[in-house]
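A short worksheet on the structure shown next.
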């Protein structure tokens with residue numbers, strides 16, 4: 001629910017949000033792994049629920065045509081309940097404890113436009129992210145034999161972040177944006193090898209004590225004419241675990257599953273009933289091990305660096321009807337993103353929109 005009140009120099013926005021989730025998971029042995037109906041013994045069972053109620057208020061004030069501020073805050077209440085876990089059919093059912101948390105997070109932002117072709121912006125604030133249902137309750141065994149465990153005792157992540165950036169328009173159809181940001185994260189939700197497992201075959205989610213994620217984003221857009229424009233953007237990250245008593249080897253290392261470099265570029269054409277775009281995308285390697293010791297690529301379980309080139313053509317022959325042809329990974333690059341990716345893929349789509 002969203003409510004807004006606007007005057008010539010002030011915009012007040014208030015909102016109320018409610019979200020709930022539930023998870024049920026049963027795993028069985030199969031007599032034939034190709035036949036999902038050949039179930040035998042129950043391996044494990046888990047379930048749980050959560051809910052989040054949030055209220056936010058924001059006040060945007062234009063003090064001067066060249067200067068404005070945004071001040072806002074959000075109040076959240078989060079709860080987990082109904083958690084149940086059974087490791088095997090012969091084990092007793094364990095009822096998991098419920099948890100709740102209330103969090104207040106303010107934010108302030110400034111926008112300054114010294115000239116028509118340049119603007120500066122800065123902001124600082126805090127944020128709150130509770131663990132999701134998957135992280136709390138989902139336990140499963142991968143194809144490599146590793147048991148990935150949920151953790152119903154996870155605490156929410158909290159973040160203090162700030163950023164500063166500028167947008168420059170050196171020409172009428174050119175726009176360049178540069179942003180630097182810095183995030184300090186407490187209780188980062190992080191997957192580690194279970195310290196109680198001597199074989200290292202179990203992994204579970206825990207809260208790392210502290211992490212820091214800083215980086216820079218660069219983006220440029222250029223409109224070539226009324227029907228053709230191009231764009232490019234680059235993100236460079238330095239995501240580090242600063243403190244982690246659960247696994248000291250991870251301190252100072254790259255946060256797992258977070259790439260250090262990403263870039264995109266593309267061209268988009270929109271003429272008459274046709275819309276066409278071509279996009280290139282690069283993502284650097286993701287680390288899976290907490291100590292960043294996984295240097296091997298091209299194998300199952302690895303997250304390789306990759307570049308793909310994707311395209312899509314959409315035709316609107318009549319109002320409300322869209323016909324599309326898309327080709328993903330046009331260069332047919334083979335790489336592993338845990339599993340080997342399928343290579344070049346074609347998509348046909350027909351959509352009716354009203």
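General observations
- When the alpha-carbon atoms of the stretch 203-354 are used, the pair Rg, Dmax equals 20.1, 61 angstrom.
- As a proxy for reagent exposure, 278, 323 were ordered by neighbouring Cβ count within 10 angstrom, fewest first; the result is 323, 278.
- Exposure proxy ranking for 120, 272, based on other Cβ atoms within 10 angstrom of each Cβ and starting from the fewest, stands as 272, 120.
- Taken along the Cα-to-beta-carbon direction at a fixed 7 Å, the label points for residue 146 and residue 31 span 3.3 nm.
- As a proxy for reagent exposure, 227, 78 were ordered by neighbouring Cβ count within 10 angstrom, fewest first; the result is 227, 78.
- Under 15 Å from a label point set 7 Å out along the Cα-to-Cβ vector of residue 53, the amide N atoms of the stretch 64-84 belong to 75-81.
- Contact order relative to length of the stretch 104-167, as percent, for alpha carbon pairs under 8 angstrom and 6 or more apart: 37
- Computed [θ] at 222 nm, deg cm²/dmol, the chain (DSSP H ≥ 4; -39,500 (n - 2.57); rounded to nearest 500): -500 deg cm²/dmol
- Placing a pseudo-label 7 Å from each Cα along the Cα-to-Cβ vector at residue 271 and residue 69 gives an inter-label distance of 5.0 nm.
- Applying D = kT/(6 pi eta Rh) to the stretch 70-120, where Rh is the Kirkwood radius over alpha-carbon pairs, T corresponds to 10 °C and eta to 1.306 mPa s, the Stokes-Einstein value obtained is 100 µm²/s.
- Option label - P(r) over Cα pairs in 10 Å bins from 0, in percent computed here, alternatives (1) 5, 17, 21, 22, 19, 11, 4, 1, 0; (2) 5, 24, 29, 21, 13, 6, 1, 0; (3) 5, 15, 22, 29, 21, 7, 1, 0: (3)
- Euclidean distance between Cα centres, the stretch 80-102 to the stretch 177-226, Å: 29
- For the chain: relative contact order, % (alpha-carbon pairs under 8 angstrom, 6 or more apart): 8
- Relative contact order [Cα under 8 Å, 6+ residues apart], the stretch 29-150, whole percent: 21
- Annotation: the stretch 31-127 has a Kirkwood hydrodynamic radius of 18.5 angstrom, from the mean reciprocal C-alpha pair distance.
- Cα-projected label distance for residue 169 with residue 258, points at 7 Å along beta-carbon direction, nm: 3.4
- Binning the C-alpha pair distances of the stretch 301-354 at 5 Å intervals from 0 yields a P(r) profile of 5, 18, 21, 16, 13, 11, 9, 6, 2, 0 %, listed from the shortest bin outward.
- Enclosing the Cα atoms of the stretch 130-286 in their convex hull gives a volume equal to 160 cubic angstrom per residue.
Just so you know, all these numbers are worked out from the coordinates, no wet-lab data involved. Worth saying up front: this structure is predicted, and the values here are computed from it rather than measured. Reconstructed Cβ throughout: ideal geometry from the backbone, glycine too, with neighbour counts over all protein chains shown.
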